[in-house]
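One structure is given below, encoded as structure tokens.
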Amino acid sequence: NHINMIGEIGRNENLAKFMHGLTRSYTAYFNRKYKKVGQLWQGRFKSKAIIKDAYINNCINYIETNPIRANIVSMPHEYIWSSYGQRVLDQNSKINVLDDLIL
């Protein structure tokens, strides 16, 4: 029911433009696929600045273990959208979730 991601922002206004494009294109895809109309997301996206190196590790750990807490998988590398397999286990994946995200 939500998305977590970590990226680097070059200019503050780029984040809003990126999120607008992402939510618009996914909403169009979803509505077309499931023959729906209207918005999918409730409210504005939330973002937080990560300043300290240690805190970014905690954030990455939280995101990568979210599917376990949601009882979707039992190990983080089993979740197709997780970066854990690529980042920690150096596994190849059909989906490259570790692309540079610099806005």
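The values are calculated or read from the model by the stated rules, or taken from the named source; none is laboratory data. No experiment lies behind these values; they were computed from the predicted model shown. All Cβ positions, glycine included, derive from the backbone under ideal geometry; neighbour counts span all protein chains shown. Quick note on the areas: whole protein, heavy atoms, side chains included, nothing else; ligands and nucleic acids left out. Shrake-Rupley method; radii C 1.70, N 1.55, O 1.52, S 1.80 Å.
Residues in the range 48-72 that are at pLDDT 85 or above, surrounded by fewer than 12 Cβ atoms within 10 Å (Cβ to Cβ) and not in a helix (DSSP H, G or I): Ala70, Asn71. Among residues of the range 1-44 being closer than 23 Å to Tyr84 by Cβ and assigned to a loop (DSSP other than H, G, I, E, B), the one that is least open to solvent (accessible area, probe 1.4 Å) is Gly7. Applying the criterion of being aliphatic (A, V, I, L, M) and touching a Pro at 6+ places or on another chain (Cβ under 9 Å) to the residues of the range 19-74, the residue that is farthest from Asn4 (Cα to Cα) is Val73.
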